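Inspection log for the structure reproduced underneath, given as structure tokens.
Derivation of every value follows stated rules applied to the coordinates shown; laboratory data play no part. Note that the structure is a prediction, hence the values are computed from the model and not measured. Cβ atoms come from the backbone with ideal geometry, glycine included; neighbour counts cover every protein chain shown.
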């Protein structure tokens, strides 16, 4: 089963696309952004999905075009 999740945020710069699933990884954000993340969300999602035999990946998009993530999980028989 494939699930895609998209947003319309600032996107993920190319140099961060290989690191984004590492614990405490953060994309530098504009100063006016009110809330900063801890950098654990995507790492946690990746670990949980992999524990269930699945995979999570980033589908690259241009900056300021948001982000799209694909989650693949096996279907139980």
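Put a dot 7 Å past the Cα of residue 23, heading toward its Cβ, do the same for residue 37, and the two dots end up 1.7 nm apart.
As an exercise, use a Förster radius of 25 Å and the Cβ-Cβ distance of residue 61 and residue 1 to find the FRET efficiency, rounded to the nearest 0.05.
Numbers: r = 22 Å, r/R0 = 0.90.
The calculated FRET efficiency here is 0.65.
Percent of C-alpha pairs per 10 Å bin in the chain, short distances first: 18, 49, 27, 6, 1. Computed from Cα atoms, the angle from the helix 41-51 axis to the main principal axis of the chain rounds to 10 degrees. Neighbour counts of C-beta atoms inside 10 Å place 2, 7 in the sequence 2, 7, starting with the fewest. Only helical runs count toward this figure. For the chain, summing -39,500 (n - 2.57) over DSSP H runs of n ≥ 4 and dividing by all residues gives -4500 deg cm²/dmol at 222 nm.
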